[in-house]
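A.B. asks: Pasting in a structure now, in structure tokens, and then I'll have a few things to ask.
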Amino acid sequence: MSRPVKFLMVSVAVVGLLTLGVQAAPSQGDVSKEINLITNAATAVVAGLQAKINAGTLPAEEADAGKLRQAFLEQFRKLANADFQQAPDPKLEEIRKAFAEAFDAVTGRYRSDMVKGGQDAFVPAFFRAQLLELFNKQANGKYQAIVTTRPSELINRDSAPDKIIADKAVLDFVAGLLDKGEVEPKSTQIGQRLVSYWPMRIAEPCATCHLRNGLEQKVGAFGGATIVVVEPKF
């Protein structure tokens, strides 16, 4: 009788450890989703100020570093239903820290442009490009995020898929989805890397800006995608 009792005690102990166990480390998919979500939250801050920036009526206090950072945290909470400053894992905390530093750096660098304002003086797409450039540098090759769209809908050819994606397998995957205007997120493994395609839709500030540059698009239509590549050892 003793052996079954001992087995039962061990089994209960194991169940207890599983119940109280440490949360599993984030997957490549979790990291990709986090990067896309934070990018959207940060970009939404500038999009929300676009009308005032274009009109040259943005008060300096609204472009204060603390106010902008708070707006960023609120946008993240709105999208993720979570506290930006309470990351559930050290790896996600590292990503959030890198984004926060990039956000502060970009908004600080262009604060005077935001306050001075004027038509398209500081647009969400430009902000996002600067944000991701800094983030990618801090990522040290562990992950990379870029934004691109179909060549026929590009205002700046420098962000064309074939200009910013060097890997042919990644380019083929992304270009195929862009060409058909895929509006659902897609991911694929290329080697050991996870490549994710996060589609976007055209928002009002973007549609108006694009029209001024000769590109007519409807609000809500396909608007390109954020591409996130996560290496296996992140």
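What follows draws every value from the coordinates through simple rules; no lab data is involved. Keep in mind it's a predicted model, so treat the numbers as computed, not measured. Glycine also receives a Cβ, built like all others from the backbone with ideal geometry; neighbour counts cover every protein chain displayed.
A.B. asks: Restricting to Cα pairs below 8 Å that are 6+ residues apart, what does the relative contact order work out to for the chain? Please round to a whole percent.
C.D. replies: Relative contact order of the chain: 21 percent.
A.B. asks: How much length is gained on full extension from residue 109 to residue 70, taking 0.36 nm per residue of separation minus their Cα-Cα distance?
C.D. replies: 12.3 nm
A.B. asks: Moving to a separate point now. Using a basic spin-label model with each label point 7 Å from the Cα along Cα→Cβ, how many nm lie between residue 78 and residue 61?
C.D. replies: Result: 2.1 nm between the two label points.
A.B. asks: In the structure displayed, which of 78/218; 33/186; 33/97; 33/142 lie more than 18 Å apart, Cα to Cα?
C.D. replies: Check vs 18 Å cut-off fails for 78/218.
A.B. asks: Let me ask another. Out of every Cα pair in the stretch 27-230, what percent are spaced more than 21 Å from each other?
C.D. replies: Percent of Cα pairs beyond 21 Å in the stretch 27-230: 53.
A.B. asks: Additional query: What list of ³J(HN,Hα) couplings, whole Hz, do you get for the stretch 111-119 from phi and the Karplus terms 6.51, -1.76, 1.60, once you set θ to phi - 60° and write x for glycine and proline?
C.D. replies: Couplings: 4, 5, 5, 5, 6, 5, x, x, 4 Hz.
A.B. asks: Which of 116, 233 comes first, and how do the rest follow, when ranked by fewest Cβ neighbours within 10 Å?
C.D. replies: 233, 116
A.B. asks: Would you please give the FRET efficiency between residue 187 and residue 167, computed as 1/(1 + (r/R0)^6) with r the Cβ-Cβ distance and R0 = 22 Å, to the nearest 0.05?
C.D. replies: According to the calculation, E is roughly 0.90.
A.B. asks: Next question, about the same structure. Determine, for 180, 52, the number of other Cβ atoms within 10 Å of each Cβ, and report the residues in order from fewest to most.
C.D. replies: Ordered from fewest to most neighbouring Cβ atoms within 10 Å, 180, 52 come out as 180, 52.
A.B. asks: Per DSSP H run of n ≥ 4, the term is -39500 (n - 2.57); total these for the chain, divide by its residue number, and report the mean residue ellipticity at 222 nm rounded to 500 deg cm²/dmol.
C.D. replies: After summing the helix terms and dividing by the residues of the chain, the value is -18000 deg cm²/dmol.
A.B. asks: Residues of the stretch 212-234 with amide nitrogen under 18 Å from the 7 Å Cα-to-Cβ point of residue 180?
C.D. replies: Only 222-226 fall inside the zone, counting backbone N under 18 Å.
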